[in-house]
Amino acid sequence: MTDSEVVAALTNSIKDHFSLQSNGGSEEIPLKQPFIIGVAGGTASGKTTVCNMIISQLHDQRVVLVNQDSFYHSLSDDQLKKVHEYNFDHPDAFDTELLLLCMEKLKQGQAVNIPNYDFKSHKSTEPARKVNPSDVIILEGLLVLHDPPVRDLMNMKIFVDTDSDVRLARRIRRDTVERGRNIQNVLDQYDKQVKPSFEEFILPSKKYADIIIPRGADNDVAIDLIVQHIRTKLGQHDLCKIYPNVFVMYSTFQMRGMHTLIRDAKTTKHDFVFYADRLIRLVVEHGLGHLPFTEKQINTPTGSVYTGVVFCKRLCGVSVIRSGESMENALRACCKGIKIGKILIHGEGNNGRQLIYEKLPADISSCHVLLLDPVLASGNSAIKAISVLLSKGVAESNIIFLNLIAAPEGIHAVCRKFPMLKIVTSEIDVSLNKELHVIPGMGEFGDRYFGTDNNATPSTNHPSKQL
C-alpha cells in the first residue's frame with residue numbers, strides 16, 4: 001500500500017468513526033452525538049417561531065423539532081368535566097418520563113414515535129408522529145428548562161423573553177381561533193393558572209439559559225448569532241458538543257502532515273522529535289490562549305496608543321513523567337522563566353494508579369497550571385495527577401490539560417470527574433483497544449521521543465504507558 005493510500009485509509013476510518021457500527025463486531029464505536037437545543041419561555045412568547053427561524057437557516061442540516069406540548073397527559077373523563085380548572089402550565093401536566101425516553105432514544109440514534117396531542121379533546125390521538133434521529137434536535141416548550149434531567153440533555157439552552165402583555169394578546173388570539181375557546185375562559189385561565197405557573201416554574205428557569213432572546217422572533221440579530229454558533233459547534237468534534245471544556249485545535253494541512261509523520265512507525269527518531277516539537281509548540285500556544293487576561297494600553301514607538309491584553313502572571317507547568325517532559329521546552333520557549341513541577345504516576349494493573357513522586361512549586365495553589373502529557377488514553381493516570389494538583393489547593397478551573405492526541409474514553413473519564421478544567425488537544429483519536437493503546441495512535445510516545453525504543457515498532461513491542 002502506498003503512502004497516499006495509507007493516508008486515505010486513515011482519513012476514511014476517522015470519518016466513519018461516529019457511525020452506528022461496531023469495530024469488527026467486538027469493540028463498540030461511539031454514536032454520532034446530535035446537537036440538542038432547548039427553547040423555553042412563557043406562553044405565546046414566540047418559542048415555536050424562533051425554532052422555525054433557526055430551522056429555516058439550518059436548511060443544509062438535518063434538524064428535527066420536538067414540542068413538549070406533545071407530551072401532555074391525556075385527561076380522564078372526570079378531569080374533562082373540570083377542564084377549566086386543570087393547570088396545563090404545571091410540570092405535572094406533562095409526561096416527563098416519556099419525554100426523556102424519547103429524547104434519549106433520539107440521542108442514541110433511534111427513531112421514536114412522538115404522541116399526537118389534540119388540544120380540543122385534550123387527549124393523545126393516533127397516529128403518532130415518527131421522528132428520525134438528526135444532527136440537530138430542538139426541544140421546545142414551556143418547562144424544558146425546569147426539569148434537571150431534561151435540561152442536562154441540552155448542548156444549548158435558550159429562553160425566549162417576551163413582554164407579558166404581548167404574550168397575553170397572542171394567547172387570546174391563538175386559543176380563540178385555533179383551539180375554539182371563548183375569551184372569558186382564556187382570561188380566567190390566564191389569571192388563575194397561566195400567570196402563577198409562569199412566575200413559579202417558568203420564569204425561574206430563565207437563569208439556566210445560555211442565551212436569552214428579548215422580543216422573541218423579532219430579534220433577528222440574536223437568531224443569526226445562535227445559528228452561527230450552532231454551525232460552529234456542528235463543525236467540531238462530537239465530544240466538544242458534549243463537554244464545553246474540551247477544545248480541539250482547528251486542523252490544517254500542516255497539522256495533518258505533522259500528525260502523519262509522527263504517527264508513522266517508520267519515521268526516524270530525529271524526524272519524530274522535530275515534528276513532535278512543532279506540534280507541541282502549537283498546542284502550548286493554543287493552551288495559553290485559554291488563560292484569563294486583562295486589558296492594557298501601551299505607547300508604541302510611533303507615539304500611538306495600542307490597546308492590548310496582559311495574561312495572568314501566576315502561571316506554572318506540571319509535566320507527567322516521563323513523556324510530559326517532552327513538552328517542557330516548548331512551554332519555556334513561550335513563557336520566559338516559568339516554573340515547572342513534575343508528577344510521576346505508576347500503573348497498577350489496568351485501572352489502578354499510584355503516586356510515586358511529585359515536586360511542585362510552593363505557590364502552586366495560587367497559580368494557573370498547564371498540565372503536560374502528549375497522550376490522553378484511558379484517563380486513569382490523568383485523574384490521579386489532577387487529584388494531586390487539587391490536593392495542593394489548585395482550583396479545578398485553573399487547570400489546563402495539554403495533549404497532542406486524546407482518546408474518547410480518556411476525555412469521558414476526565415471530564416465527568418473534573419468538569420471545570422480545560423482539555424486542549426490537537427486531535428481526538430478513534431478509541432482504545434483491549435490493551436488500552438490509543439487507536440490509531442502513535443505508539444509509546446516517551447520511548448519514541450527519548451530514543452529508548454531500540455528502533456522497534458512502538459505499537460507491538462512496548463506496553464502502553466500513556467495517560
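Any read-out appearing in this document is the output of simple, stated calculations on the displayed coordinates, not a laboratory observation. What you see is a predicted model, and the numbers here were worked out from it, not measured in a lab. No Cβ is skipped: glycine too gets one built from the backbone with ideal geometry, and neighbour counts run over all protein chains shown.
Its Cα gyration tensor gives the chain an equivalent ellipsoid; the semi-axes, largest first and in whole Å, are 50, 27, 20.
Magnitude of the charge dipole for region 35-234, about its Cα centre and with charges confined to Cβ atoms of Lys, Arg (+1) and Asp, Glu (-1), is about 340 debye. For N132, the shell of other residues with beta-carbons less than 12 Å away shows a net charge of +3, using +1 for Lys and Arg and -1 for Asp and Glu. Of all lysines in the structure, the ones whose alpha carbon falls short of 21 Å from that of K269, not counting any fewer than 8 places away in one chain, are K465. Think of the chain as a dipole: +1 on every Lys or Arg Cβ, -1 on every Asp or Glu Cβ, centred on the Cα centre; then among I439, V144, C102, I439 lies furthest on the positive end. Between the residues L282, I242, I212, the greatest Cα displacement towards the positive end of the dipole of region 206-283, with unit charges on the Cβ of Lys, Arg, Asp and Glu, is found for L282. For the chain, hydrophobic long helices are taken as DSSP H runs at least 27 Å long by C-alpha position along their axis with mean Kyte-Doolittle hydropathy of 0.0 or more; these are 269-288. The charge dipole of the chain, taken about its Cα centre with unit charges on the Cβ of Lys, Arg, Asp and Glu (plus for the first two, minus for the last two), comes to roughly 900 debye. Tell me, what is the percent relative contact order of the chain, built from C-alpha pairs under 8 Å that lie six or more residues apart? The value is 13 percent.
Using 0.36 nm per residue of separation minus the Cα-Cα distance, give me the extension gain between D60 and D188 in nm, one decimal.
Here the answer is 41.7 nm.
A Cβ-based charge dipole, computed about the Cα centre of region 238-461 with Lys and Arg at +1 and Asp and Glu at -1, lands at about 480 debye. Residues within the reach of a label modelled at N329 (point 7 angstrom out along Cα to beta-carbon, backbone nitrogen below 13 Å), restricted to region 281-296, are 281. Projecting label points 7 angstrom from Cα along Cα→Cβ for T252 and E295 puts them 2.9 nm apart. Excluding residues on the same chain fewer than 8 positions from K392, give the aspartates and glutamates whose Cα lies under 12 Å from its Cα. Counting by Cα, and skipping residues close in sequence, K392 has these aspartates and glutamates nearby: E358, D363. For region 433-450, 3J(HN,Hα) computed residue by residue from phi via the Karplus equation (6.51, -1.76, 1.60; θ = phi - 60°) reads 8, 5, 8, 6, 8, 6, 10, x, x, 9, x, 7, 4, x, 5, 5, 6, 8 Hz, glycine and proline entered as x.
Need the full-extension length gain, T307 to H90, defined as separation in residues times 0.36 nm minus the C-alpha distance. One decimal, nm.
73.0 nm
For the set K157/K233; K384/K434; K47/K417; K105/K195; K47/K206; K241/K359, the pairs lying more than 24 angstrom apart at their alpha carbons are K47/K417; K105/K195; K241/K359.
What is the diffusion coefficient of region 238-461 in µm²/s, taking the Kirkwood radius over Cα pairs and the Stokes-Einstein relation at 37 °C with a viscosity of 0.692 mPa s? The estimated diffusion coefficient comes to 181 µm²/s.
For region 35-234, rounded, prolate or oblate, judged on the Cα gyration tensor with a ≥ b ≥ c (square roots of eigenvalues), a/c < 1.5 rounded, else prolate if a/b > b/c? Since a/c reaches 1.5 but b/c is at least a/b, the shape of region 35-234 is classed as oblate.
Spatial offset of region 304-365 relative to region 160-178 amounts to 57 Å, using the alpha carbon center of each. Amide H contacts for V39 (H built 1.01 Å from N in the peptide plane; partners 5 or more residues away or on another chain; cut-off under 5 Å): L139, E140, G141, I158.
Proximity of backbone amide H atoms, modeled 1.01 Å from N, is registered between D95 and Y72, H73 at under 5 Å, excluding neighbours fewer than 5 places apart on the same chain. Using a simple spin-label model with pseudo-atoms 7 Å out from Cα toward Cβ, Y208 and H412 lie 2.4 nm apart. Net charge in the neighbourhood of S391 (other residues with Cβ under 15 Å of its Cβ; Lys, Arg +1, Asp, Glu -1) is +3. Excluding same-chain neighbours fewer than eight residues apart, the lysines reachable from K296 by a Cα-Cα span under 25 Å are K313, K336, K339.
When only alpha carbons are used to place a centre, region 184-230 and region 390-438 end up 37 Å from one another.
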